[in-house]
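Heads up: the structure comes next, in structure tokens.
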Amino acid sequence: MPNADWKRICCPIDFSDASRAAMEVAADLARRNAGSLTLLHAYPVPGYTFPDGSVVASPKMMQDLAEQAKRHLDEWRREAEALGAPAVDTATAVGEPATEIVGWAADQRADVLVLGTHGRTGLEHALMGSIAERVVRRARCPVVTVHPHGPAK
């Protein structure tokens with residue numbers, strides 16, 4: 001049930017179908033509550049670990065990732081505005097996604113987080129983990145999770 005106090009809405013997105021479903025809910029909440037919506041893309045620093053050490057992304061690769069994220073965020077911002085969200089902003093954070101999302105929400109005093117969940121279960125959940133689950137456990141504000149349309153896996 002939407003809360004009239006939910007004026008600062010944050011929707012973490014990874015550009016998946018689950019994120020799109022969450023953005024639709026977040027845009028609707030922003031419209032109903034005359035609130036602001038921030039689309040937040042948090043992503044880890046790409047890197048690989050080998051027996052002899054680790055390799056992390058070059059500055060050029062990080063710049064390319066940031067530019068690609070900005071382009072996608074701009075597209076999603078326009079979609080959220082088309083869905084009726086009165087004020088839409090975008091932000092990025094680099095690091096472990098759940099940690100970055102929770103930290104951003106606390107720093108920006110978000111009233112609610114709206115995020116998609118992929119609905120992983122069993123071995124896939126054990127191996128991949130759940131960003132949504134970690135955010136729900138750590139966030140100081142309410143968290144609304146949205147499963148993409150269609151049957152759960």
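The values are calculated or read from the model by the stated rules, or taken from the named source; none is laboratory data. On a predicted model such as this, the values are computed, not experimentally measured, just so you know. So basically every Cβ, Gly included, is an ideal-geometry build from the backbone, and we count neighbours across all protein chains shown. Calculation scope for accessible area: heavy atoms of the full protein, side chains included, ligands and nucleic acids excluded. Shrake-Rupley method; radii C 1.70, N 1.55, O 1.52, S 1.80 Å.
Key figures
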read-out	value
Interchain or long-range residues, amide H under 5 Å from residue 90's placed H	39
Under 5 Å, built H, 5+ apart or other chain: amide partners of residue 13	40, 41, 42
Where the range 8-146 is the region considered: accessible area per residue in Å², 1.4 Å probe	55 Å²
At R0 = 22 Å, FRET efficiency that the Cβ-Cβ distance of residue 45 and residue 81 yields, to 0.05	0.15
Value of Rg/Rh across the range 53-101 [Cα atoms, Kirkwood radius]	1.11
Calculated FRET efficiency for the pair residue 91/residue 34, C-beta based, R₀ 25 Å, to 0.05	0.75
FRET efficiency estimate (nearest 0.05) - Cβ-Cβ, residue 16 to residue 55, R0 25 angstrom	0.40
Which of 15, 50 is most accessible, then next, and so on - probe 1.4 Å	50, 15
Other-chain or far-sequence residues with amide H under 5 Å of residue 116's (modelled H)	22, 146
Taking all pairs of distinct alpha-carbon atoms in the range 8-146, Kirkwood radius in angstrom	15.6 Å
Cβ-defined net charge surrounding residue 107, 12 Å radius [Lys, Arg +1; Asp, Glu -1]	+2
Stretchable slack from residue 109 to residue 5, in nm (0.36 nm times residue separation minus alpha-carbon distance)	36.2 nm
³J(HN,Hα), Karplus 6.51/-1.76/1.60, whole Hz, each residue of the range 99-106, x for Gly, Pro	4, 5, 5, 5, x, 4, 4, 5
